[in-house]
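Working notes for the structure below.
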Amino acid sequence: MADALLAIEDLRVAFHTAQGVVQAVDGVSLSVAPGETVAVVGESGSGKSVTALSVLRLFGRGDRVTTDGTVRFARATGAVDLLHLDETAMRTIRGGEIAIVFQDPSASLNPVFTIGEQIAEVLRRHRGLGRAEALAEAASLLGRVGIADPQARLKAYPHQLSGGMRQRAMIAMAIACDPRLLIADEPTTALDVTIQAQIVRLLKDIQQARGMGLMFITHDLELVGEIADRVVVMYAGQVVEAGPAAVVLAAPRHPYTRALLACRPTRDYAEGGADTIRISAIPGAPPRPGANGAGCRFAARCVMVEPACRDAAIPLRALDTDRLSRCRRAAEVA
Amino acid sequence: MAVMLARRLGSAAAAAFLSALAVFLLMRAVPGDIVGQMLGQSGTDRSAEAALRAFFGLDRPMHAQFLDWLGRTLTGDLGRSWYQGRAVTAMIAEAFGVTLQLALFTLAVSTLIGVPLGMLAGIREGTRLDTAIQTFNLLGLSAPVFWVGLMLLVGASAFLGWSPPFIYRDFADDPGENLAIMLLPVISLAILQAAAYSQFVRGLMVTELRREHIRTAIAKGLTPREIYFKHALRNVLIPLTTFMGLILVQILGGVVVIESLFSLPGLGRLILSGLQGRDYPVVQGALLFVVLIAIGINLLVDLLYAVIDPRLRP
């Protein structure tokens with residue numbers, strides 16, 4: 001943990017709403033090493049996106065949020081706690097040392113500025129480039145993310161590009177200043193299936209070429225196998241399982257992870273091409289954020305639940321050197 | 001672009017025709033006419049009444065009167081005032097200079113006050129400053145323009161011992177006098193419009209700052225100044241353009257009252273005095289002129305849209 005690029009420790013994030021306090025993230029710890037890809041997986045409302053946004057303190061305007069814990073980030077000049085850093089220092093980190101790619105590229109780009117202007121802006125802000133230099137660099141970045149005829153695309157407005165191209169432009173913007181850490185918050189969810197794979201491959205390529213740390217937020221376990229070194233599974237604001245991606249996918253040690261894996265669509269091949277695709281789902285719904293009982297938060301939907309599971313909160317236990325599970329019966333999960 | 005322009009021009013022409021018809025009919029719907037005014041209560045001389053009606057062409061069928069007026073209007077001839085005998089176009093041109101100056105000054109003052117106030121309130125949403133600005137908006141929107149004008153007039157003379165000059169002077173003739181005359185009317189009109197602007201811009205800003213591309217701008221490490229005055233403002237400008245057109249049209253409507261209060265010889269007073277005397281050519285001509293101006297402003301706003309919003313460019 002000492003040499004981690006990003007180390008989130010016991011992060012708690014609460015939203016104060018008219019209906020009361022919602023504990024969206026409840027004691028999450030995870031780390032990303034330099035050059036490592038960590039996937040954070042979970043359903044909607046699991047707290048995975050809030051965890052990601054907490055790193056850059058990108059909460060919504062008008063949200064009343066309280067945070068607790070530490071988010072240590074290794075800057076070139078030494079480690080800082082991002083939760084307590086002043087705004088001015090935070091601004092040099094945002095877009096410069098840590099960049100983020102959001103879910104919906106159509107909404108994330110400003111509709112009234114050209115793609116070139118929006119990319120050049122980051123370069124001017126963090127690398128002090130002049131207007132012309134920044135635009136030239138923006139063109140080469142667009143080329144880097146696989147956009148054909150980048151020089152012409154500089155002058156395009158977001159609405160003139162396809163969804164996939166917009167997300168490529170967002171990625172170009174994110175990597176413009178060679179950040180040490182890239183956060184991708186469900187970067188493929190809003191895109192066509194055919195485009196999704198391309199975007200994931202692009203992110204992987206860039207991550208490897210530049211040796212960035214990558215925090216990849218997704219609800220899609222399929223993608224985890226393709227991209228991640230390690231995976232952190234979240235449920236109801238907590239980490240329920242963590243470990244090397246290949247190992248966790250092959251042999252999950254939490255019933256929730258196993259259930260998620262079972263939800264992946266499977267195809268039954270039949271004569272004449274009349275294949276059937278089966279999609280199963282985890283019965284029940286995740287608890288409303290913050291509305292949890294005393295015991296295991298997954299108990300209501302778990303097939304392995306025992307009375308003892310509901311008695312007291314279940315701690316996150318180390319199974320071996322690099323695996324964690326929040327299940328009393330972790331050893332029995334298969 | 002050409003298609004859009006043609007369509008807009010077509011609908012503008014249709015609106016202009018309907019307005020001409022409405023202006024004509026409205027005038028006739030007002031009880032009494034010039035003949036009644038001239039003869040007064042005592043006028044019981046049937047033959048004199050009929051002769052006068054015939055003289056003004058009021059004895060002809062309504063549609064004939066309308067088509068005649070419309071036809072001449074299309075050639076640019078709005079007729080002559082029944083009282084003064086002067087060409088209506090010349091009277092409008094003279095009065096419009098006053099009204100235009102009043103409207104443009106008001107637009108400038110209210111924009112310069114209202115837009116920054118609204119942006120400030122939106123940026124500082126939920127703070128005391130926001131509450132204070134919204135209170136101003138509410139007061140400004142609810143205070144009647146003629147009352148504000150009257151209070152300013154009374155207040156200026158009671159507390160400052162100052163009154164605006166009585167005789168109207170053109171800016172070209174005497175800039176100092178002209179500005180002194182314009183000061184209070186512009187303030188009276190501008191308070192209302194600044195409040196309207198401020199409230200509108202605040203709402204736009206509040207919505208805008210919650211949009212996802214603003215989160216992107218923050219994530220890029222931009223400063224609040226760049227976020228508010230570049231990324232947010234540029235988007236807010238689009239609906240603001242339409243609003244500016246609306247405000248200008250509203251100001252043109254508001255001048256009728258304020259011109260009378262401050263004795264400014266503008267279009268509002270021309271229409272009002274014409275109406276009192278049932279001077280049909282003057283009222284019809286001036287009203288139609290105001291309507292055409294409003295239509296023209298809306299057309300201009302539509303075209304400006306295409307310049308400001310890249311999504312509407314061909």
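List of remarks:
- The charge dipole of the protein assembly as shown, taken about its Cα centre with unit charges on the Cβ atoms of Lys, Arg (+1), Asp and Glu (-1) only, comes to about 420 debye.
- Residues in region B:187-215 occluded by at least 40 Å² - accessible area, probe radius 1.4 Å, against chain by itself: B:Arg210, B:Glu212, B:His213, B:Arg215
- 10 Å-binned pair-distance histogram of chain B (Cα, whole percent): 5, 20, 25, 23, 15, 7, 2, 1, 0
- Cubic angstrom per residue, convex hull over Cα atoms of region A:197-240: 76
- Interface burial for B against A (accessible surface, 1.4 Å probe, total of both chains, Å², rounded to 100): 2500
- Largest-first principal axis extents of the Cα set of the protein assembly as shown (Å): 115, 72, 57
- Close amide H contacts of A:Val240 (hydrogens built in the peptide plane, cut-off under 5 Å, sequence separation of 5 or more or a different chain): A:Val233, A:Met234, A:Tyr235.
- Distance from the alpha carbon centroid of region B:212-244 to that of region A:281-325 works out to 43 angstrom.
- A Cβ-based charge dipole, computed about the Cα centre of region B:38-138 with Lys and Arg at +1 and Asp and Glu at -1, lands at about 40 debye.
- For the residue pairs A:Lys155/B:Lys230; A:Lys155/B:Lys220; A:Lys204/B:Lys230; A:Lys48/B:Lys220, the alpha carbons lie more than 24 Å apart in A:Lys204/B:Lys230.
- When the square roots of the Cα gyration tensor eigenvalues are ordered a ≥ b ≥ c, the ratio a/c for region A:140-216 is 1.5 or more and a/b does not exceed b/c, which makes its shape oblate.
- Surface exposure of the protein assembly as shown, expressed per residue as accessible area with a 1.4 Å probe, stands at 46 Å².
- Other residues within the sphere of radius under 15 Å centred on the Cβ of B:Met91, judged by their own Cβ, net out at -1 (K and R +1, D and E -1).
- Cα-Cα pairs of region B:110-249 separated by more than 22 Å (percent): 51
- Computed from label points 7 Å out along Cα-Cβ, the spacing between A:Ala251 and B:Leu18 is 7.7 nm.
- Working note: Karplus 6.51/-1.76/1.60 with θ = phi - 60° gives region A:294-307 the couplings 6, x, 4, 6, 9, 3, 4, 10, 8, 7, 9, 5, 10, x Hz, where Gly and Pro are set to x.
- Portion, in percent, of the accessible area of chain B that falls on carbon or sulfur, probe 1.4 Å: 68
- Inter-probe distance in nm under a simple model that places probes 7 Å from Cα toward Cβ, at A:Ser44 and B:Ala132: 4.3
- Dipole-positive endmost among B:Gln84, B:Phe146, B:Ala108 within region B:52-168 (Cβ charges, Cα centre): B:Gln84
- Rough spin-label spacing in nm, given labels placed 7 Å along Cα→Cβ, for A:Arg210 and B:Leu179: 5.6
- Partner shielding of A:117-124 amounts to 2, given as the average count of beta-carbon atoms from other chains within 10 Å of each residue beta-carbon.
- Whole-Hz Karplus values for region A:144-160 come out as 4, 8, x, 9, 6, 6, x, 4, 6, 5, 4, 8, 7, 8, x, 5, 8 Hz, taken residue by residue from phi with 6.51 cos²θ - 1.76 cosθ + 1.60 and θ = phi - 60°; glycine and proline positions read x.
- Between the Cα long axis of helix A:193-210 and the first principal axis of chain A there is an angle of about 70°, rounded to the nearest 10.
- Using C-alpha pairs below 8 Å separated by at least 6 residues, the relative contact order for chain B is 28 percent.
- Chain A - percent of accessible surface contributed by carbon and sulfur, probe 1.4 Å: 52
- Listing of region A:24-64 residues, each with accessible area lower by at least 40 Å² in the full protein assembly than in the chain alone (probe 1.4 Å): A:Leu58, A:Arg61
- Region B:34-86, Cα convex hull volume normalised per residue, Å³: 74
- Span from the region A:19-33 Cα centroid across to the region B:77-150 one, whole angstrom: 52
- Between the amide H of A:Gly96 and any residue lying 5 or more places away or on another chain, no distance stays under 5 Å, with hydrogens modeled in the peptide plane.
- Relative contact order, percent, region B:55-193 [alpha-carbon distance under 8 Å, six or more residues apart]: 23
- Peptides A:304-314, B:112-122 ranked from most to least packed give B:112-122, A:304-314, packing being the mean of other C-beta atoms within 10 angstrom over each peptide's residues.
- Note on chain A: Kirkwood hydrodynamic radius from all Cα pairs is 21.1 Å, rounded to one decimal.
- Residue among A:Ser140, A:Val231, A:Gly128 farthest towards the positive dipole end of region A:96-231, charges placed on Cβ: A:Gly128
- Based on the reciprocal of the average 1/r between different C-alpha atoms, the Kirkwood radius for region B:195-314 equals 17.2 Å.
- Each Lys and Arg Cβ is given +1 and each Asp and Glu Cβ -1; about its Cα centre, region A:1-119 then shows a dipole of about 220 debye.
- Close amide H pairs (under 5 Å, H built 1.01 Å from N) link A:Ile183 with A:Ala99, A:Ile100, A:Val101, A:Met215, residues at least 5 positions away or on another chain.
- With θ taken as phi - 60° and the Karplus curve 6.51 cos²θ - 1.76 cosθ + 1.60 applied, the whole-hertz 3J(HN,Hα) list for region B:123-137 is 5, 9, 3, x, 8, 5, 4, 4, 4, 4, 5, 5, 5, 4, 4 Hz, x standing for glycine and proline.
- Contact residues in region A:70-113 (at least 50 Å² less accessible area with all protein chains than alone, 1.4 Å probe): A:Arg91, A:Phe102, A:Asn110, A:Pro111, A:Val112, A:Phe113.
The values are calculated or read from the model by the stated rules, or taken from the named source; none is laboratory data. Worth saying up front: this structure is predicted, and the values here are computed from it rather than measured. Cβ: placed from backbone, ideal geometry, glycine included. Neighbour counts: every protein chain shown. With ligands, DNA and RNA removed, areas are computed over all heavy atoms of the protein, side chains included. Shrake-Rupley method; radii C 1.70, N 1.55, O 1.52, S 1.80 Å.
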